[in-house]
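Have a look at the structure below, then the notes.
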Amino acid sequence: MSRRNSQLSPRWMLKVARVSVVTVLALTVFVASTGVVFAAEKVRVRGGLHANFGRLVFDWKVPVSYKVTTTEQQLTVTFDRAMEGRFDRARAEITDYMGNARLEDGGKRVVIHLKQPVTAKHFVNEGSVVIDLRPTGDASTAAKKSPQVPVRVTKRNGYTRVVFDWPVRTEYNLSQKDNDVSLTFARAGDLALPDTASAAFPFLSGIKSARSADGTPKVDLSVSGRVRHFRDGRKVVVDIIGQKDAKPGETAAPADSQEDQTVASAPATGAPVQLVPQRLRPVASEPAALPDDARDLDVAVKVELDVVGLAFPFRTATSMAAFRRGGWLWLVFDRPFRVDTSEITAAVEFIKAAEQLEHGSATVIRLTTTAGFNASVAREGNRWEVVIAPQLMRPETPLKVTAHPGRDANVSLGPTVPSTALALNDPEVGDQIFVVTVAERGHGLARSHQFSDFRLLPSVQGVAVVPYADGLKVEPRAEKILVSSVRGLRLATAQARRRVLATTAKNAAAERMYDFETWRRGAIGDYATAQSHLLKLVEEAVPDRRNAARMELARFYFAQGMGARARGILQLIALESEDTARLATFRALRGGVEYIMGDFDKAREDLLDRDLDSEPEIVLWRAALAAENGDFEEATFGLRQSDRFVQSYPDGLRKRFAFLGAETAFANSDARGGEFWLEIAEGANLNSTDLAYKHVLEANIAVLDGEIETALAGYDAAIAARDRRSRARAVVEKTELLLKEGEISSEKAIEDLDRLRYVWRDDDIEFRVLRRLGELQIESGQYREGLQSLKRLVTNFADHRTTPAIADFMRATFAQLYDEGTIETLPPVMAIALFNDFRELAPAGTDGDAMIRRLADRLVSVDLLPQAAKLLSHQVEFRLKGEDRARVGARLAVVRLLDRDAGEALAAIADSHSDGISSELAKERGMISARAYTQLGAFDKALAEIKGDQSEAADKIRADIMWQTRDWAQAAEVFGRLAGKPPARGQSLDDVRSRYVLSRAVALALSNDLPGMATLHRNFSSAMAATPFGADFQVIASVDSGAADFQDVLRRVSVADDFQAFMEGYRARLAQSQTAAKDSTVN
């Protein structure tokens, strides 16, 4: 998102300048800062918590000079270049050390408030500036400042869960020895352990805490089962799961226990409502905790590709509800049964979690799924079937929602035949849900409906109501469901919503952080009159009240959409009063100003402040920031909960948030939610740019509804508009739709997207174009082009939140190309070219080494020996150590031998020398050296390398040497060992042994060893007669080496040349044997 800076008018500057000399100077600094011509570098700022210190890291892409200074309450880092960066994530990781942070001197100086005195040690690591903050006080001092950490223990279906609710993300380590589990944390904190003595928890017999030497907490658990552990956001979760053979007395709660089996360090509270919900808790392991008729229900699970069907075979008529909330898919049946949810999660990967929540009169199951997987329902008799697949979440028969204002105001939903009204607690959100199950299949709500006192959630079956006020009643009636209130229902229809929200805002002023109607000062008169009035108040204010007057002026500019002016006033206030700048109201205002200025990183620093956590309206702005960053999953909940604020906002913010809501709904496949947000946008004053963008969003919603022609018409309308950004977005969406519908080929889509890459640059559209272009190119086999497109993406959008995932995809694709089997399909020239262009994608360690060796083998197979040698040389020189280095060095030497370069083969052996290698590898390296010396004619050195080695491989080398040196007697002796003992009568010789026998016969003949020849003839003549060499053997065994027929056979057989060819085959087999035998050891 590009930033927009507007210039301050001279008249306005002169007006404010009358306030004081300090104000003039500050404004001068501000105006100068808005006109800088150099570009600050984007620098990622990271934090990491260690046992005794906090680490702060500035990831500069190019090395930078810096200076670090500290005082008791402040850390200052001064760089020689300007930077841009966000500090909220780093602060969240090292919150014990780091407070607020700000950039000064045009981005060259970072000033950080310290929460405790520290010493700062710093160093540079590959361009990153690393600063370690170590507390100067002792562990007891740190412990006194430690945050409270609530700990909850909960009994679930087949296991006990312990949750450590840290206020910030905290590293931990868990170890288990028999029945003792030890859990240590890397952050100081006071664990508020619950009293588990008053309740029995399966598989957990004790829990106690202690403190490590460095002041960090430690927890010891006594368990009788298997332990699994994971992180859920800021929470650390430990589950103790019972073994199948565990004894009932050891794993179950008392059979007569009817109490809630959740124990927490702080009691939960809830406002009284008309429907009192059953306490929800995980199902206990003993059936007595449920009603007598709560028998086991065998749920059938059927999987086909990416679709799973869950069949619930009830014995009697049962009604149900199915809806989503907060990332969970809820399945509610109005009869209590026990369900083994482990079979559901074991069936498929896209169902990440499944649990049953206990209820006295219902079966309540919750699932989490991969994004895009939703439920549909079907019914056959008493049997309900739930199908979870990549599909839209919408009912077959949407219920009509009708508001009935008046004295007995109510909202009716129908027509349908409701069955049972249930009140449930949502254990994630902590509030209540009223659920009405319906017997007729597919009767639900197509979209959410927002009212002042409650919200209707979208559902595929039944109705789910989230109350906002006490006294709400949800009643099943004949052919409808009625929602009313004992206090009188406040209704806000679509037409009257804005008026109702304005009234609500006046009645609940404490809930609002942004009172735009008041801040616009419409009662004073026009803009100029209001501005003149507020400037006069600033000028006439006494010093103690001047900042309060400035705040009103800043609010006025903010409400008028003049972010630059509002930012300037707020900077003046912060310069004069740090106390004011720390107030929640100030940070909310400044965060809003930075948001409309497009500086989302600075907006996050203010709007994510903990002091704003309890403000309902801030939820909306945080959700908007998440949506601006493309994190639509995080944005969903906040936008849904806060749309009541949007409709009272000025037109500029109203349409901006409404469009973000529509984008978020589309990203979550929520067509009705998208329509809802576009209805809100229609109430604002839309210009031509807005209308073009609206065409794109309406077309997206049409895609979700399967209305392809309507969608294409919408995209065409946006393409025909004058707004370049909406036109580019429409081209992307239309191309994707046509490709999905099979209307265009992948090649056409690649051509269109590649052309668009040059039309629109530098924002999320280019990001999406590059990502999809790279994916399509890789799918089409254009690996080099695809990886190059994605490489541009990760380079140009290094700070994008999904860039790490794309980089992982590139590495996985690269690894797959060079995987065993796949690499054989790549042309060798392409394989080496791809590797050279994207070498940085090769994995580190043994996986990368194995990849390089597979590529080298591929090159050897097509006689690209120099290229293979270059790859292996790089491994030997830079990547490997020890035995791995020696082994790959041997392989390199073999490649050099195959390339008939014995000198380089010996150099490879020497350069890869390593102490302490295995005797087997040492012997193999010796034989390779011997072969190289043989090629060079250094026969004495060759024999020295294999001295004492009586293996067949060593004898083959000896035989080659003896043959070349015409030492026929020694050659005959070696070939005798290779030929082995004579075969028994009736046994045959294979080709290899028969060749050895023939070679021994030649050597004996040439050495005139007549007795040896006679013995050889006597022992092998009958067996040799049955081989292809039988006739030749008889001629050579005649002993007359001067006879013409002997010389003829010798020339015809050409033993020496044949043997030389045989040795070349040996070299190839040596390379192959290394590939096959050593990969299992090296990899």
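A few notes on this one:
- Considering residues of region 307-331 that are in contact with a helix residue (DSSP H, G or I) (Cβ under 9 Å, 6 or more places away or on another chain) and assigned to a loop (DSSP other than H, G, I, E, B) only, the residue surrounded by the most Cβ atoms within 10 Å (Cβ to Cβ): 327
- Qualifying residue in region 76-90 (condition: part of a loop (DSSP other than H, G, I, E, B) and modelled with pLDDT under 50): no
- Breaking point among (1) assigned by TED's automatic domain parsing to the domain that holds residue 1001; (2) free of Cβ contacts under 8 Å to residues at least 24 places away in the same chain; (3) of a type in the set (S, T, N, Q), for residue 919: (1)
- Tally of residues being among the hydroxyl-bearing types (Ser, Thr, Tyr), assigned to a loop (DSSP other than H, G, I, E, B) and surrounded by 14 or more Cβ atoms within 10 Å (Cβ to Cβ) across region 367-425: 1
- Leading residue by the ranking (farthest from residue 376 (Cα to Cα)) among those in region 458-471 that are among the aliphatic types (A, V, I, L, M) and buried (at least 23 other Cβ atoms within 10 Å of the Cβ): 465
- Residue among 459, 448, 452 that is more than 18 Å from residue 417 (Cβ to Cβ), in the same structural domain as residue 379 (by TED's automatic domain parsing), in contact with a Pro (Cβ under 8 Å, 6 or more places away or on another chain) and small (Gly, Ala, Ser): 448
- Some residue of region 896-904 being under 27 Å from residue 1016 (Cα atoms) and outside any helix (DSSP H, G or I): no
- Of all residues in region 438-449 being part of a strand (DSSP E or B) and out of contact with any Phe, Trp or Tyr (no Cβ under 8 Å at 6 or more places or on another chain), the one that is surrounded by the fewest Cβ atoms within 10 Å (Cβ to Cβ): 449
- Scan of region 53-77 for residues that are within 24 Å of residue 594 (Cα to Cα) and over 27 Å from the mean Cα position of the chain (by Cα), ordered by number: 76, 77
- Tally, over region 765-798, of residues that are among the acidic types (Asp, Glu) and within 19 Å of the chain's Cα centre (by Cα): 1
- Tabulated pairs, region 172-190, first touching a residue at least 60 places away in the same chain (Cβ under 8 Å) and surrounded by 13 or more Cβ atoms within 10 Å (Cβ to Cβ), second assigned to a strand (DSSP E or B) and among the aliphatic types (A, V, I, L, M), C-beta under 6 angstrom, 6+ apart or interchain: 172/236; 174/183; 186/49; 187/49
- Residue pairs whose Cβ atoms lie under 6 Å apart, separated by 6 or more positions or on different chains, with the first residue in region 955-981 and surrounded by fewer than 17 Cβ atoms within 10 Å (Cβ to Cβ) and the second among the basic types (Lys, Arg), do not occur.
- The helices (runs of 4 or more DSSP H) found entirely in region 810-895 that carry 2 or more residues being more than 22 Å from residue 791 (Cα to Cα) are 845-861, 865-874.
- Annotation: of all residues in region 712-727 being of a type in the set (A, V, I, L, M, F, W, C) and surrounded by fewer than 22 Cβ atoms within 10 Å (Cβ to Cβ), the one that is nearest to residue 753 (Cα to Cα) is 719.
- Residue 944 meets all of the listed conditions (1) assigned by TED's automatic domain parsing to the domain that holds residue 927; (2) small (Gly, Ala, Ser); (3) at pLDDT below 85 but one, namely (3).
- Cβ-Cβ contacts under 7 Å between residues 6 or more apart (or on different chains), taken from a first residue in region 926-947 that is farther than 21 Å from residue 889 by Cα to a second residue that is outside any helix (DSSP H, G or I), are listed as 939/965.
- Single condition residue 302 does not satisfy, out of (1) at pLDDT 50 or above; (2) part of a loop (DSSP other than H, G, I, E, B); (3) of a type in the set (Lys, Arg): (2)
- All of (1) assigned to a helix (DSSP H, G or I); (2) surrounded by fewer than 20 Cβ atoms within 10 Å (Cβ to Cβ); (3) at pLDDT 85 or above hold for residue 742 with one exception: (1).
- Taking region 745-774 as the range and being in a helix (DSSP H, G or I), without any contact (Cβ under 8 Å) to a residue 60 or more places away in the chain and either β-branched (Val, Ile, Thr) or touching a Gly at 6+ places or on another chain (Cβ under 7 Å) (or both) as the test, the residues that pass are 750, 765, 769, 774.
- With respect to (1) in contact with a helix residue (DSSP H, G or I) (Cβ under 8 Å, 6 or more places away or on another chain); (2) surrounded by fewer than 18 Cβ atoms within 10 Å (Cβ to Cβ), the lone exception for residue 986 is condition (1).
- Restricting attention to region 669-697, the residues that are touching a helix residue (DSSP H, G or I) at 6+ places or on another chain (Cβ under 6 Å), of a type outside the set (Val, Ile, Thr), at pLDDT 85 or above and crowded, with 21+ Cβ neighbours inside 10 Å add up to 7.
- Count of region 472-486 residues which are more than 15 Å from residue 414 (Cα to Cα) and surrounded by fewer than 17 Cβ atoms within 10 Å (Cβ to Cβ): 1
- So residue 454, is it within 36 Å of the chain's Cα centre (by Cα), modelled with pLDDT under 90, under 21 Å from residue 490 (Cα atoms) and of a type in the set (A, V, I, L, M, F, W, C): yes
The values are calculated or read from the model by the stated rules, or taken from the named source; none is laboratory data. This is a predicted model, so every value here is computed, not measured. Positions of Cβ are backbone-derived with ideal geometry, glycine not excepted, and every protein chain shown enters the neighbour counts.
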